[in-house]
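Read through the structure below, which is laid out as structure tokens, and then see the notes.
The values are calculated or read from the model by the stated rules, or taken from the named source; none is laboratory data. Given the structure is predicted, the values throughout are model-derived calculations rather than measurements. Note: ideal-geometry Cβ built from the backbone for every residue, glycine included; neighbour counts use all protein chains shown.
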Ligand SMILES: Cc1ncc(C[n+]2csc(CCOP(=O)(O)OP(=O)(O)O)c2C)c(N)n1
């Protein structure tokens, strides 16, 4: 078919793929590529970022061990995503409201939930659904946290609070209607919401390029009138800076922002036991290990004489001891009874429910 004289769709399509380079401060070889941004961090900041990533990896390793011992319920591995997760959450303030998905448990803990609560959430225990922190329990329905965030952000705006709602989904989550609806609402009402997509390459076994023809996932915000950006999700400095800039922009009353972090999940999708070797090869995975966020920052710190293997090993031991205490604490929380769950469903139970409650109470007292 001849090209129309009034419109050149080929050129429009090509334009869509003409993307700016993802934002980066430290490249894969630990070389500083944005000196001004790098110099804005003190040595203490850099050490703190490293500690947070070491903490997250230790959490992952210890929690996987608990999972293998049959002591966890659902758990979504986070190894590889430390820069994306810690970099973004550390740019938030305690008054901000977190709407996490299931892979965002480390951010939930950083934002103020306890590890014990996170473990109880994993077991489906009600105590794991309530936090002192401003946060909702992790969302299992993919993309749905975007709708929750839009609603919470509307509430924050109506209350006149100096706070934002921030939320996460994966690449797969951006293929769900919910994420578009959440962003559309947030854009239409210019509410203070930060939408983060952790593009880790796969939605379980489905690779990102089979889910969508969009050249970037960040572009998906554009149709909702939301400014968006891609960032190197293996560079914690870039993730932090971009998330902080987004928060400042939103707090100044400019409406929502969306950030796509380019990251990778090293392990399986979940502790339920999918086998990643069935949908990706070692060749696919190797380049991502070479971009590892911990290796990248560790080298900078070692060159500055701010870090050592001994220091890291003793931190890992210290962190793992806290996770072991947390699981003991979770074990000590009485198991949630069916009758308790029924009693919580309505303030005044229906006659049918009252009968069910009595039935279960009788069974449970045996
Ligand atoms: C609405 C909905 N559909 C399907 C599922 C089943 N499911 C669970 S996780 C997942 C893949 C999600 O991938 P992605 O959004 O990329 O996040 P990731 O797990 O990689 O962090 C799917 C399809 C679900 N939880 N919710």
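One table, with the values for the structure above:
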item	result
Condition check for residue 153: away from the ligand (no atom under 14 Å from the Cβ), touching a strand residue (DSSP E or B) at 6+ places or on another chain (Cβ under 8 Å) and not in a helix (DSSP H, G or I)	no
Where a residue in the stretch 191-220 is over 13 Å from residue 179 (Cβ atoms) and its partner, wherever it lies, is within 10 Å of the ligand (Cβ to nearest atom) and part of a helix (DSSP H, G or I), with Cβ under 6 Å and at least six apart	201/208
Residues of the stretch 22-51 satisfying the condition of being in a helix (DSSP H, G or I) and either closer than 21 Å to residue 121 by Cβ or out of contact with any helix residue (DSSP H, G or I) (no Cβ under 9 Å at 6 or more places or on another chain) (or both)	35, 36, 39, 44, 48
Candidate set: the stretch 273-307, residues that are assigned to a loop (DSSP other than H, G, I, E, B) and surrounded by fewer than 12 Cβ atoms within 10 Å (Cβ to Cβ); chosen: the one farthest from the ligand (Cβ to nearest atom)	305
Test for residue 322: is it assigned to a helix (DSSP H, G or I), in contact (Cβ under 8 Å) with a residue 24 or more places away in the chain and on the phi < 0 side of the Ramachandran plot	yes
Those residues of the stretch 230-255 which are closer than 19 Å to residue 19 by Cβ and outside any helix (DSSP H, G or I), in sequence order	230, 231, 232, 233, 234, 235
Subset of the stretch 181-207 [within 13 Å of the ligand (Cβ to nearest atom), outside any strand (DSSP E or B) and more than 17 Å from the chain's Cα centre (by Cα)]	181, 205
Matching residues, the stretch 256-270, being within 26 Å of residue 74 (Cβ to Cβ) and part of a loop (DSSP other than H, G, I, E, B)	263, 264, 265, 266, 267, 268, 269, 270
Subset of the stretch 120-140 [within 16 Å of the ligand (Cβ to nearest atom) and part of a helix (DSSP H, G or I)]	121, 122
Unique match (being over 21 Å from residue 48 (Cβ atoms) and modelled with pLDDT of 95 or more) among 64, 92	64
Among (1) away from the ligand (no atom under 13 Å from the Cβ); (2) in contact (Cβ under 8 Å) with a residue 12 or more places away in the chain - the single one residue 172 does not satisfy	(1)
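Matching residues to (1) closer than 22 Å to residue 324 by Cβ; (2) in a loop (DSSP other than H, G, I, E, B); (3) without any contact (Cβ under 8 Å) to a residue 12 or more places away in the chain:
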residue	(1), (2), (3)
66	yes, no, no
72	yes, yes, no
79	yes, yes, no
98	no, no, no
105	yes, no, no
108	yes, no, no
112	yes, yes, no
